[in-house]
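Enquirer: Structure incoming, see below.
All of the numbers you see were taken from the coordinates with simple rules; none came from a lab. Just so you know, these numbers come straight off a predicted model, no measurement behind them. Note that we place each Cβ from the backbone using ideal geometry, even for glycine, and neighbour counts take in every protein chain shown.
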Amino acid sequence: MKVKALITTVLLILIIGNIEAVDIESYQFINYIRNFTRPGKPEIFEDGVLFTASSSLQRVGVSFAHENYSVVHWFQRLMVPRDPAELLVNPRIDPYEDSGIMFHVEPIPVDLKNMDYRLIIDGLWTADPTNPLRVYGPSGVVESRIPLPERHITAVVQSTPGVYQFSYSAPSGETITVGGSFNNWDPFMYELRETIRGFYTLSLFLPPGDFQYVFFHRGEQIPDPVNTRKLYTRDGRIVSEATVF
């Protein structure tokens, strides 16, 4: 059991930096992708689409219509730990081996009904050979399509008593923090995490009652744009107000 837990932990470390759409704090995705014995058609997993390809190919990338095909997202190889018994016999070999699969996880943009895309396989643009659903793009080029489930992001969610979830929308890769009456307006203590591309969240345990807060983004104090409850502080600043139950 200890060996299995170690393998799962190592796998998590290997891929955690490249996944934005799924819950990277759990092992659900790790266990899910470990069950792949060969690449297949794209699959929706939580808030993302999982693309897979054979690692026998030199390089595989995917580009999307909703990004105007201006960005290529390159697949990465899924490396898995070797059998511990094999390492005992030959400790000088690489402790990781190729699983035979390359993958990419693409976050699902909010309110997008279909994800249209094309692959780049060893330098050649092509429709996805594993996906039979194809459409013609505006330029007349054949594109692959994935119908997406309807999903909406709510601005403020509080599902657990005593827990408040902050959310903020901004360009991907930004640093967003939050401060308020609960931490003496410290702008550095709490940083939001980018859970979906361009969407940042943070859940905090707070005492019951009303509290005030602002977001800190690019050196500015910003009241919550989607929270209509706002008030003026004694020094004339506009802040947002919310309630913990």
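Enquirer: Please give the direction-averaged projected area of the C-alpha convex hull for the stretch 163-244, in square nanometres with one decimal.
Expert: Numbers: hull surface 20.8 nm².
Result: 5.2 nm².
Enquirer: Here is a follow-up. Please give the contour-minus-distance gain from Glu86 to Leu124: 0.36 nm per residue of separation, less the Cα-Cα distance, rounded to one decimal in nm.
Expert: Values: separation 38, 0.36 × 38 = 13.68 nm, distance 3.81 nm.
My answer for the length gained is 9.9 nm.
Enquirer: May I ask you to evaluate 6.51 cos²θ - 1.76 cosθ + 1.60, the Karplus curve with θ = phi - 60°, for each residue of the stretch 109-115 and list the ³J(HN,Hα) values in order in whole Hz, giving x for glycine and proline?
Expert: Along the stretch 109-115, the couplings run x, 5, 6, 7, 7, 9, 9 Hz.
Enquirer: 7 Å from Cα along Cα→Cβ at both Val71 and Gln165: what's the point-to-point distance in nm?
Expert: It is 2.3 nm.
Enquirer: Ranking Arg234, Arg38, Arg197 by Cβ neighbours within 10 Å, fewest first, what do you get?
Expert: Arg234, Arg38, Arg197
Enquirer: Under the rule of at least 5 residues apart or a separate chain, name every residue whose amide H is placed under 5 Å from the amide H of Glu97.
Expert: Correct list: Val80, Arg82.
Enquirer: Please rank Ser172, Ser167, fewest neighbouring Cβ atoms within 10 Å first, as an exposure proxy.
Expert: If I rank by nearby Cβ atoms, fewest first, I get Ser172, Ser167.
Enquirer: For Asp94 and Asp210, compute 0.36 nm times the residue count separating them, minus their Cα-Cα distance, and round to one decimal in nm. Don't jump to the answer; show the numbers that get you there.
Expert: Working: separation 116, 0.36 × 116 = 41.76 nm, distance 5.56 nm.
Working it through step by step, the gained length comes to 36.2 nm.
Enquirer: May I pose another question? Under 12 Å from the Cβ of Pro223, count the other residues' Cβ atoms, weight Lys and Arg +1, Asp and Glu -1, and hand me the total.
Expert: On the way: positive: Arg229, Lys230, Arg237; negative: Glu220, Asp224, Glu241.
With Lys, Arg at +1 and Asp, Glu at -1, the net is 0.
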